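Here's the structure, in structure tokens; my notes come after.
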Amino acid sequence: MAAIALPRLVRLGPGSIEEVPAVLGQLGLSRPLIVTDPFLAGSGGLARLRAILGGDTPAFTEVVPDPTVASVDAAVAMLGTGDFDCVIGFGGGSPIDTAKAAAVLGHIGGAMRMLKVPHVQDAPGLPIIAIPTTAGTGSEATRFTIITDEESGEKMLCAGLAYLPMAAIVDYELTLSKPKRLTADTGVDALTHAIEAYVSRRANDFSDGMALSAMRLIWANLRTAYEEPGNRAARAAMMLGAHQAGIAFSNASVALVHGMSRPIGAHFHVAHGLSNAMLLPAVTRWSAPGALARYAACARIMGIAGETEGDQSAVAKLTEALSVLNRDLAVPTPKSYGIDPGRWQSLLPLMAEQALASGSPANNPRIPDAAEIIALYGEAWG
Ligand SMILES: [Fe+2]
């Protein structure tokens, strides 16, 4: 049996941001706090959302990349200053994840650290409305948020229905102005969600359909969106693909790439999609024997292998194609990114321990121990 959870409402398509007041009305909500970052606050994005909402809607604008416990606490403090009945997360993964954490913590109280897995927070906090401005995290469709504990340097995975947005506004026009690097990093994150959801031990027939559709859309359009930021058809496909990938992994979980990626992000401040990309070819190669037919199906749906091609050959082409994608998207290795080799080496045991503690590696088709994770970090190093 599969247990599926989805947002109650999704508005999908160009200009759907104009629908925010209608969505709030449908849900019986009227007093939102907007949670966004300084870039959107300063670039006109927030002003436009406020104009659509028709008033000077209060906004927390101090979201930081890789949101920290302190930044969530600041958003919670602002929630406490008014009679808010919902939280609107507006931006990339960081604003949406901050909005989710604040909506839960502001309602139930306590400390963010209490909410990391294995804790599961199903009982709801405030309703969450998510408006992504990147085609990547899929956070608008997931029951997860990732908050960094700045004291331990750990990216804490927090899970449960409380984090699943009640509504998602998926408007690709918000991504048209995004720069190439951001398009690449967020796009590979979405591709990783789709692949990991499909090969996950917790995959099911529903998540499979979403994951395969997402892979097909993302693979066919990521390079175009990267090379031609204003290409509307490519942006539309990427936004739909990233959303479907979010639905897929929210209902099937991610696996070893994400488990290993979060410690790289936490310790070396590498963008989430970039650290996924650094790991994806090596982890795919290592994991493939655990689910050869599944990885081969990924290669076929992406058009990397022919329909009649054998599994072994299809998977070999997949791992090669993922390496070529990294080259085309100018993805560095940890080494060429400039990470200090001594610090990398000394942190590897902790990184492996944190990867395992997140639970994600246990969903992988081939389950590693700490030594194998350290070896894979070594293979990705560069
Ligand atoms: Fe991700």
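Laboratory data are not the source of any read-out in this text; all were calculated from the coordinates shown. Everything numeric here is computed off the predicted structure, so don't read it as measured data.
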Label segment 322-373 by shape, choosing from rounded, prolate and oblate, from the square roots a ≥ b ≥ c of the eigenvalues of the Cα gyration tensor; if a/c is under 1.5 it is rounded, and otherwise prolate applies when a/b is larger than b/c, oblate when it is not. oblate
Alpha-carbon centroid distance for the pair segment 333-369 / segment 69-88, whole angstrom: 33
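How long are the three semi-axes of the equivalent ellipsoid for segment 84-190, computed from the Cα gyration tensor as the root of 5 times each eigenvalue, in whole Å, largest first? Could you put the intermediate results ahead of the total?
On the way: eigenvalues 115, 55, 22 Å².
Gyration-tensor ellipsoid for segment 84-190: 24, 17, 10 Å.
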Evaluate the Debye formula for segment 1-52 with equal point scatterers sitting on the alpha carbons, no solvent, and hand back log10 of I(q)/I(0) at q = 0.13, 0.20 Å⁻¹, in q order, two decimals. -0.44, -0.87
Can you give me the angle between helix 311-328 and the longest principal axis of the chain, using Cα atoms only, in degrees from 0 to 90, rounded to the nearest 10? 60
Roughly speaking, what is the centre-to-centre gap between segment 1-53 and segment 203-239 when only Cα atoms are used, to the nearest Å? 22
With no solvent and one point per C-alpha, what does the Debye sum give as log10 I(q)/I(0) for the chain at q = 0.07, 0.08, 0.10, 0.15 Å⁻¹? -0.28, -0.36, -0.58, -1.35
Could you tell me how many degrees, from 0 to 90 and to the nearest 10, lie between the Cα long axis of helix 272-287 and the main elongation axis, the longest principal axis, of the Cα atoms of the chain? 30
What does DSSP give for the chain in terms of the percent of beta bridges that are antiparallel, rounded to the nearest 5? 25
So what is the orientation-averaged projected area of segment 185-285, using the convex hull of its C-alpha atoms, in nm²? 6.2
